[in-house]
Amino acid sequence: MSAPQSQVAQTKVENDQSLVVFSHLSTRHTTSPPSPDDKAPSPPLASAYDIPPSALEEGGGLVNSDGRVWYMLSAPLERDASAVKEIVVDTESKDQGWSSFPENHGTYDVTSSWFDLTLLRDGKEVPNTRLDVQHNVHAGKEFKSHTNTIPSTHPFVKEMQKGDCITLWARALYPGWENHVQRASIAISYDVLAEDSKDEE
């Protein structure tokens, strides 16, 4: 499965740090639960390499369900957790733009659409790696950008192994809730010196 033209993968080295960026531009969204009028789901957004077929089969780590759609997948990680400095997740999204709780409009309270990260290893989701990274503004009318940084000390990063992929999931819970995604990116910063020192041992 080849990558869509909307995906950008960039690698640069600066000040002994390597930064790898994966991004998507899309208007995909997920609804929970789907209404009878919903169109068939669009094909999943691919990464810059061939996705393991087992990941898309029952029991695989990239199986969509009601209110849970994988939005993007990084290429396999170039290094293990010891060389990762941080992961930065950028999203631009909104919910359905209305709710029956006007007192929560414009806040992050009682919002039921969000993004998760998981690790994919050998076509399966790594247990206990699901990480809630960002919720949408409650009843937001406009797309809003958010940036979340996951440090090297976080358990999610510590679990990473060379060859793993990071999956970004668009989530929505309860009838009427939606997650409209305009764009997203995952940037992984590596400490090149730390990796070089490890190789010399």
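Y174 is checked against (1) in a strand (DSSP E or B); (2) touching a residue at least 60 places away in the same chain (Cβ under 8 Å); (3) surrounded by fewer than 19 Cβ atoms within 10 Å (Cβ to Cβ) and fails just one. What number does that condition carry?
Failing condition for Y174: (1).
Can you tell me which residue is surrounded by the most Cβ atoms within 10 Å (Cβ to Cβ) among those in region 131-146 that are of a type outside the set (A, V, I, L, M) and closer than 12 Å to F115 by Cβ?
Looking at the filtered set, the residue picked out is N136.
Got a number for residues in region 48-72 being part of a loop (DSSP other than H, G, I, E, B) and polar (S, T, N, Q)?
1
Go over the candidates G97, G106 one by one and state the one that is at pLDDT 95 or above and in contact with a Lys or Arg (Cβ under 7 Å, 6 or more places away or on another chain). Walk me through how you get there before you give the answer.
On the way: G106 fails: in contact with a Lys or Arg (Cβ under 7 Å, 6 or more places away or on another chain).
That would be G97, the only listed residue that is at pLDDT 95 or above and in contact with a Lys or Arg (Cβ under 7 Å, 6 or more places away or on another chain).
So V181 fits all but one of (1) in contact with a strand residue (DSSP E or B) (Cβ under 8 Å, 6 or more places away or on another chain); (2) more than 21 Å from N64 (Cβ to Cβ); what number is the exception?
(2)
Using beta carbons and a limit of 9 Å, which pairs, at least six apart or on different chains, have the first residue in region 133-148 and among the acidic types (D, E) and the second one part of a strand (DSSP E or B)?
Within 9 Å, the pairs are E142/K94.
Can you name the residue in region 73-115 that is out of contact with any Asp or Glu (no Cβ under 9 Å at 6 or more places or on another chain) and in a helix (DSSP H, G or I) and, of all such residues, is surrounded by the most Cβ atoms within 10 Å (Cβ to Cβ)?
Per the criteria, the residue is N104.
Would you be able to tell me the number of residues in region 120-140 that are assigned to a loop (DSSP other than H, G, I, E, B) and out of contact with any Phe, Trp or Tyr (no Cβ under 9 Å at 6 or more places or on another chain)?
The number of residues fulfilling the criteria is 6.
The values are calculated or read from the model by the stated rules, or taken from the named source; none is laboratory data. Every value quoted in this text rests on a predicted model; they were computed, and no experiment measured them. Note that each Cβ is placed from the backbone with ideal geometry, even for glycine, and that neighbours are counted across all protein chains shown.
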